[in-house]
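Peer 1: Structure in structure tokens, see below.
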Amino acid sequence: MGILVYAEHDNSTIKGATLNVVTAAAKIGGDITVLVAGKGCGAAAEAAAKIAGVSKVLVADNDAYGHQLAENVADLVAELGKGYSHILIPATTTGKNFAPRVAALLDAEQISEIITVESADTFKRPIYAGNAIATVQSSDSVKVITVRATGFDAAAAEGGSASVEAVDVAKDAGVSSFVSEELAKSDRPELTAAKVVISGGRGMQNGDNFEMLYKVADKLGAAVGASRAAVDAGFVPNDMQVGQTGKIVAPQLYIAIGISGAIQHLAGMKDSKVIVAINKDEEAPIFQVADYGLVADLFDAVPELEKQI
Amino acid sequence: MKVLVPIKRVVDYNVKVRVKADNTGVDLANVKMAMNPFCEIAVEEAVRLKEKGVVTEIIAVTVGSKAAQEQLRTAMALGADRSILIETEEDAQPLAIAKALKAIVEKEQPQLVILGKQAIDGDNSQTGQMLAALTGMAQGTFASEVVVEGDKVKVTREVDGGFQTVELKLPAVVTTDLRLNEPRYASLPNIMKAKKKPLDTVSGADLGVDFAPRTKTLKVEAPAARSAGIKVASVEELVSKLKNEAKVI
């Protein structure tokens, strides 16, 4: 039967989350096929073929898949996925957008955001913003699953030599079209892939003050994130939000600056290896999860931190 | 045009939930319940579209127990014109909910269905997309802006890298993200008026939907607790700990 893994990519390179999903697939066991759907995505397909543990790469190269429109991608994945025991999709905004469509088309109850594989049909997943972990068993013949990248190590990006096969299914559902996109450009690492993340909260007071965090981040090779409060207040754009409804990160080091630590924020970062909190309110809940807490005014502490690292 | 707004009754977002001692689930006894925050944003968006003259009627709908009438009344106090309770005692899963909503869509023929992008209990983020697939509708998920233009709707979506804008043919499904709008509070006169607005009740059987979940929940546990570490006195001590003790920088 085998497992179909949907690759997240930008047509030329494979996005990191795909590698974690391949590891989840390997834990389930079975031949792993990776589907690369896009427009002009040959380079991404070649990269996918090199991922360790992948036996086959399917490439659907067509205008219909160029912008990952859910209506078109879901039809493709549901059509191809019928022949597999599991369809694994990264729990990114792209994956979360189309995966439930695939599940509905296959009459399957999707299992969202798994963090462990217990067996081929049993998985653990967080519910209630990570305040409870459910162990669930699926009885669907094709299991449609989204995978939370932080739950699994990344598979090696090199070392594999999978065969690459073109898929000639190409259908445009004709109900939606891409208009435009506005993507943040940054030389810093991606939030979900960074080894160090430094995030600012409402305590930052305004967007200009995030400059202090960028300076520290550049010294540490870190990504910069934010709490929902900071995004809602307009300090920084939405793609920086860490939390239950933003990005889920689990870096080696997470530095929370001026973040109180609402449960919705903790849901997005509490699996980090080491957590540092700098906040002037010593009662802030963030200190309950921090390995190292510093009660201090961030406007003194952050420039000092930049100097000392 | 008609708008359908499916909503969900969930644990209030301020409540810190506890896992039951027998690991069968989360303890919901005597816990404050409320409308899912993303559903409030969905209701608000529908009301704003009505205020702009784009929408003529707003129908709120939910799948749940009798108690969920409370959230339907809230939706009507916020501006929904009428509501439908699809009553079940089962722990209904997104696929079955989407099938029930499909039956309502076929009956009511809304041009737009606006839902929250996820419920904060199950954190599934599935129902809107599933409904769109089952009805063949286009979808605009995680919306931060919704503009209806003739027989189309333009939806700006919050995606990992920033924003993406798509154009959808109506009828379409939209799921709301946090920054689509700031929901209003219901005024006392509107709460009183909502009590007189129509609330119909139907069952899963009426719609031909079985709400018994197929996926078995074997157990529910508390996450591994993370204990508070130590307080450091200075930036210097912090940097030293990170370098020499945690060895992360």
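No value in this document is a laboratory result; all are computed from the given coordinates. Since the structure is predicted, the reported quantities are computational estimates derived from the model, not experimental observations. Virtual Cβ from ideal backbone geometry, glycine too; neighbours counted across all protein chains shown.
Peer 1: Give the angle, between 0 and 90 degrees and rounded to the nearest 10, that separates the Cα long axis of helix A:93-105 from the longest principal axis of the Cα atoms of chain A.
Peer 2: 40 degrees
Peer 1: 5 Å is the cut-off here: which amide hydrogens, built 1.01 Å from N in the peptide plane, fall below it relative to B:VAL174, excluding neighbours closer than 5 in sequence?
Peer 2: Residues meeting the criterion, in which the H sits 1.01 Å from N, are B:VAL113, B:ILE114, B:LEU115, B:GLY140.
Peer 1: To continue, here is another question. For helix A:70-81, report the angle its Cα long axis makes with the longest principal axis of the Cα atoms of chain A; keep it between 0 and 90° and round to the nearest 10°.
Peer 2: Rounded to the nearest ten degrees, it is 50.
Peer 1: Here is a follow-up. Report, largest value first, the span of the C-alpha coordinates of the protein assembly as shown along each principal axis, in whole Å.
Peer 2: 66, 62, 50
Peer 1: Could you estimate the translational diffusion coefficient of region A:170-220 from the Stokes-Einstein equation, with Rh from the Kirkwood formula over C-alpha pairs, at 37 °C and 0.692 mPa s, in whole µm²/s?
Peer 2: Diffusion coefficient, whole number: 229 µm²/s.
Peer 1: Then there's this: Residue by residue through region A:6-22, what is 3J(HN,Hα) from phi via Karplus (6.51 cos²θ - 1.76 cosθ + 1.60, θ = phi - 60°)? Round to whole Hz and write x for glycine and proline.
Peer 2: Here the 3J(HN,Hα) series is 8, 8, 8, 7, 10, 6, 10, 10, 8, 6, x, 4, 4, 5, 5, 5, 4 Hz.
Peer 1: Once region A:1-157 is represented by equal point scatterers at the alpha-carbon sites, with solvent omitted, what log10 I(q)/I(0) does the Debye formula produce at q = 0.10, 0.14 Å⁻¹?
Peer 2: With no solvent term, the Cα-only Debye profile gives -0.30, -0.60.
Peer 1: What value in Å³ per residue do you get for the convex hull of the alpha-carbon atoms in chain A?
Peer 2: On the way: hull volume 40.4 nm³, N = 309.
Dividing the Cα hull volume of chain A by its residues yields 131 Å³.
Peer 1: With a point put 7 Å past each Cα toward its Cβ, work out how far A:ALA154 is from B:LYS2 in nm, to one decimal.
Peer 2: 5.0 nm
Peer 1: Also: Return an integer: the convex hull volume of the alpha-carbon atoms of region A:96-156, in Å³ per residue.
Peer 2: Once divided by residue count, the hull of region A:96-156 is 106 Å³.
Peer 1: A further question follows. To the nearest 20 Debye, how big is the dipole of chain A about its Cα centre, given +1 on the beta carbon of each Lys and Arg and -1 on that of each Asp and Glu?
Peer 2: Once rounded to the nearest 20, the dipole reads 460 debye.
Peer 1: Hey, what do the phi angles of region B:85-98 turn into as Karplus ³J(HN,Hα) couplings, whole Hz, using 6.51/-1.76/1.60 and θ = phi - 60°, x for Gly and Pro?
Peer 2: 9, 9, 8, 7, 9, 6, 7, 5, 9, x, 4, 5, 4, 5
Peer 1: Need the full-extension length gain, B:SER240 to B:GLU108, defined as separation in residues times 0.36 nm minus the C-alpha distance. One decimal, nm.
Peer 2: The span from B:SER240 to B:GLU108 would gain 41.0 nm if fully extended.
Peer 1: Given the convex hull over the Cα atoms of chain B, what projected area results after averaging over all orientations, in nm²?
Peer 2: Computed as one quarter of the Cα hull surface, the answer is 17.9 nm².
Peer 1: Using a 7 Å offset from the Cα along the Cα-to-Cβ direction at both B:THR24 and B:GLU149, what is the distance between the two label points in nm, to one decimal?
Peer 2: For the pair B:THR24/B:GLU149, the computed spacing is 5.5 nm.
Peer 1: At a Förster distance of 35 Å, what's the computed FRET efficiency of A:PHE178 paired with A:GLU283, Cβ-Cβ distance as r, to 0.05?
Peer 2: Values: r = 47 Å, r/R0 = 1.35.
It comes to 0.15.
Peer 1: Which whole number gives the average, over all residues in B:234-247, of C-beta atoms from other chains lying within 10 Å of the residue C-beta?
Peer 2: 5
Peer 1: Quick check for you: which residues of region A:173-195 have the amide N under 18 Å from the point 7 Å beyond the Cα of A:TYR214 toward its beta carbon?
Peer 2: A:183-191
Peer 1: Using 0.36 nm per residue, how much length does the chain from B:LYS16 to B:LYS32 gain when fully extended, once their Cα-Cα distance is taken away?
Peer 2: Taking 0.36 nm per residue and subtracting the Cα distance, the gain is 4.7 nm.
Peer 1: Give the Debye-formula value of log10 I(q)/I(0) at each listed q (0.13, 0.20, 0.25 Å⁻¹), with one equal scatterer per alpha carbon of region B:132-228, two decimals each.
Peer 2: Log-scaled intensity ratios, in q order: -0.92, -1.01, -1.11.
Peer 1: Given +1 on the Cβ of Lys and Arg, -1 on the Cβ of Asp and Glu, and no further charges, what dipole in debye does chain B carry about its Cα centre, rounded to the nearest 20?
Peer 2: Values: 35 positive and 33 negative charges, 60 e Å.
Computed about the Cα centre, the dipole is about 300 debye.
Peer 1: Which value, in debye to the nearest 20, gives the size of the charge dipole of region B:1-140 about its Cα centre, when Lys and Arg are +1 and Asp and Glu are -1 at the Cβ?
Peer 2: Dipole size: approximately 200 debye.
Peer 1: So for the pair B:ASP206, B:ALA67, with labels modelled 7 Å out along Cα→Cβ, what separation do we get in nm?
Peer 2: Going by the 7 Å Cα→Cβ label model, 2.2 nm.
Peer 1: List the residues, sorted by chain then number, that are 5 or more residues from A:VAL164 or on another chain and whose placed amide H is less than 5 Å from its amide H.
Peer 2: Excluding prolines and chain starts, which carry no amide H, the hits are A:VAL57.
Peer 1: DSSP loop chymotrypsin sites (Phe, Trp or Tyr not before Pro) in region B:149-249 with at most 14 other Cβ atoms within 10 Å of their Cβ, which ones?
Peer 2: Listed in order of number, the matching sites are B:TYR185.
Peer 1: How much space per residue, in cubic angstrom, does the convex hull of the C-alpha atoms of region A:210-309 take up?
Peer 2: 93 Å³
Peer 1: When only DSSP loop residues count, what trypsin sites (Lys or Arg not before Pro) in region A:102-189 have their Cβ near at most 15 other Cβ atoms within 10 Å?
Peer 2: When the trypsin sites (Lys or Arg not before Pro) of region A:102-189 are filtered for loop state and at most 15 Cβ neighbours within 10 Å, A:LYS171, A:LYS185 remain.
Peer 1: Can you pull the Kirkwood radius for region B:47-178, inverse mean 1/r over Cα pairs, to one decimal in Å? Don't skip to the end; give the middle numbers.
Peer 2: Details: mean 1/r = 0.0651 Å⁻¹.
By the Kirkwood definition, the hydrodynamic radius is 15.4 Å.
Peer 1: Which ³J(HN,Hα) values in Hz, rounded to whole numbers, follow from the phi angles of region A:115-128 under the Karplus curve 6.51 cos²θ - 1.76 cosθ + 1.60, where θ = phi - 60° and Gly and Pro get x?
Peer 2: Calculated HN-Hα couplings, in order: 10, 9, 10, 8, 7, 5, 10, 10, 9, 9, 8, x, 10, 6 Hz.
Peer 1: If R0 is 41 Å, what FRET efficiency do you get for B:ARG226 and B:TYR185 from their C-beta distance, rounded to 0.05? Please report the intermediate quantities before stating the final value.
Peer 2: Numbers: r = 35 Å, r/R0 = 0.86.
Once the sixth-power term is evaluated, E becomes 0.70.
Peer 1: Take the eigenvalues of the Cα gyration tensor for region A:74-227, scale each by 5, and report the square roots as semi-axes in whole Å, largest first.
Peer 2: Each semi-axis is √(5λ); the values are 34, 21, 18 Å.
Peer 1: Which three extents, in angstrom, do the Cα atoms of region B:1-113 have along their principal axes, listed largest first?
Peer 2: Each principal axis gives a Cα extent; for region B:1-113 these are 51, 27, 19 Å.
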